[in-house]
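The values are calculated or read from the model by the stated rules, or taken from the named source; none is laboratory data. Keep in mind that what you see is a predicted model, and the values were worked out from it rather than measured. Please note: Cβ atoms are built from the backbone with ideal geometry, for glycine as well, and neighbour counts cover all protein chains shown.
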Amino acid sequence: MRVKDKSIIVTGAGGGIGEGIAKRLAAEGAQVLVNDINPAAGQQVVEAILRDGGKASFFAADVTKSAEVKALVEAAVERHGKLDVMVNNAGWTHRNRPALEVGEDEFDKCYAVNVKSIYLATVHAVPAFRANGGGSFINIASTAGVRPRPGLTWYNGSKGAVITTSKSLAAELGPDNIRVNCINPVFNPDTGLAAEFAGGPLTEERKAKFRATIPLGRFSTALDVANAALYLASDEAAFISGVCIEVDGARCV
C-alpha cells in the first residue's frame with residue numbers, strides 16, 4: 001500500500017485520466033475525494049472504488065470558482081482529518097483549429113479550467129498542507145506544453161503556463177515541505193476531449209497520424225498516467241519536486 005491512508009483530492013475524476021488516477025490511488029490505500037462537475041459520473045467512480053474495497057467519496061465543485069475549490073479542500077479535511085495530496089487533473093481544450101479561429105470565450109474557458117484552477121488550488125490547499133506539515137500538488141499538464149504543435153496554440157500555451165507555474169511554486173513552497181510536480185501525458189484517444197484534440201471524429205487516419213509521432217508506437221492510457229501519479233503521491237518521491245514526468249513514449253525527445 002504505497003499511499004495508505006493519505007488524503008487525496010483528484011479533480012476532474014468522473015472519467016478518463018482522472019478516473020484512472022482516482023482508482024489507482026485508492027487501490028494503493030488512499031482516501032480519495034473524487035471531484036467532478038458531473039455528479040453522476042463522479043459517483044459512478046466512487047461506487048467502483050468502493051466495490052473494489054477502496055475508500056472514496058464524491059464532492060461536486062467547479063475548479064474555476066474560488067468558493068467551490070475552497071469547499072472542496074475543506075471537505076477533504078473534514079472527511080479525512082487532513083489533506084496530503086491534490087491532483088489537479090481537470091482540464092479543457094478548444095477544438096484543433098487555426099489560432100485565429102478560436103473564439104474569445106473558448107480562450108477564456110481554456111485558461112480558466114487549465115490555469116486559474118491551479119491558482120485556486122494553491123490558494124486554498126496550501127493552508128491545509130501547512131497545517132499538515134507538508135503536502136504534494138500533482139498537476140496534469142501535457143506534452144503540448146513542451147513540444148507545441150499548430151492547431152492547439154491556446155491550449156498549448158495554457159499547459160506551458162501550468163508547467164512554468166508548477167516549477168515556480170516548487171521553489172517557493174519547498175520550505176513548507178510542499179512538493180509541486182507535473183505529469184505530461186501524450187495523446188490518449190479514450191478521453192472525453194480526444195475528438196477536440198484531433199480536430200474531429202477519431203478516424204483511423206487521424207489516430208495513425210498521432211501514433212506516428214510516438215516512438216514507442218502507442219498512445220498513453222489512463223493507467224500510464226495513474227502510475228506516474230502514484231509515484232509522485234507516494235513517500236518514494238519525498239525528494240522529488242519541480243519536475244515534469246513525460247508519459248509520452250518518447251514523444252518529446
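List of remarks:
- Selection status of residue 97, of a type in the set (Lys, Arg), in a loop (DSSP other than H, G, I, E, B), surrounded by fewer than 22 Cβ atoms within 10 Å (Cβ to Cβ) and touching a residue at least 40 places away in the same chain (Cβ under 8 Å): yes
- Whenever a residue of region 117-128 is assigned to a helix (DSSP H, G or I) and modelled with pLDDT of 95 or more, its partners that are of a type outside the set (D, E, K, R) and surrounded by fewer than 20 Cβ atoms within 10 Å (Cβ to Cβ), lying with C-beta atoms within less than 7 angstrom and at least six residues away or across chains, give the pairs 118/165; 120/66; 128/77.
- Any hit, region 46-65, residues being surrounded by fewer than 24 Cβ atoms within 10 Å (Cβ to Cβ) and at positive phi: yes
- The criterion of being surrounded by 24 or more Cβ atoms within 10 Å (Cβ to Cβ), aromatic (Phe, Trp, Tyr) and in a helix (DSSP H, G or I) does not hold for residue 137.
- Residue match in region 88-100 (condition: over 17 Å from the mean Cα position of the chain (by Cα) and of a type in the set (Gly, Ala, Ser)): yes
- Listed here are the helices (runs of 4 or more DSSP H) enclosed by region 165-252 that have at least 2 residues being of a type outside the set (D, E, K, R) and surrounded by 15 or more Cβ atoms within 10 Å (Cβ to Cβ): 194-198, 222-233.
- Yes/no for residue 12 being assigned to a helix (DSSP H, G or I), under 20 Å from residue 122 (Cα atoms) and either of a type in the set (S, T, N, Q) or touching a residue at least 60 places away in the same chain (Cβ under 8 Å) (or both): no
- Any hit, region 208-217, residues being of a type outside the set (Asp, Glu), in contact (Cβ under 8 Å) with a residue 24 or more places away in the chain and closer than 30 Å to residue 83 by Cβ: no
- Scanning region 49-86 for residues that are part of a helix (DSSP H, G or I), free of Cβ contacts under 8 Å to residues at least 40 places away in the same chain and of a type in the set (Gly, Ala, Ser) yields 67, 71.
- Test: residue 156 is part of a helix (DSSP H, G or I) and either in contact with a helix residue (DSSP H, G or I) (Cβ under 6 Å, 6 or more places away or on another chain) or farther than 17 Å from residue 233 by Cβ (or both): yes
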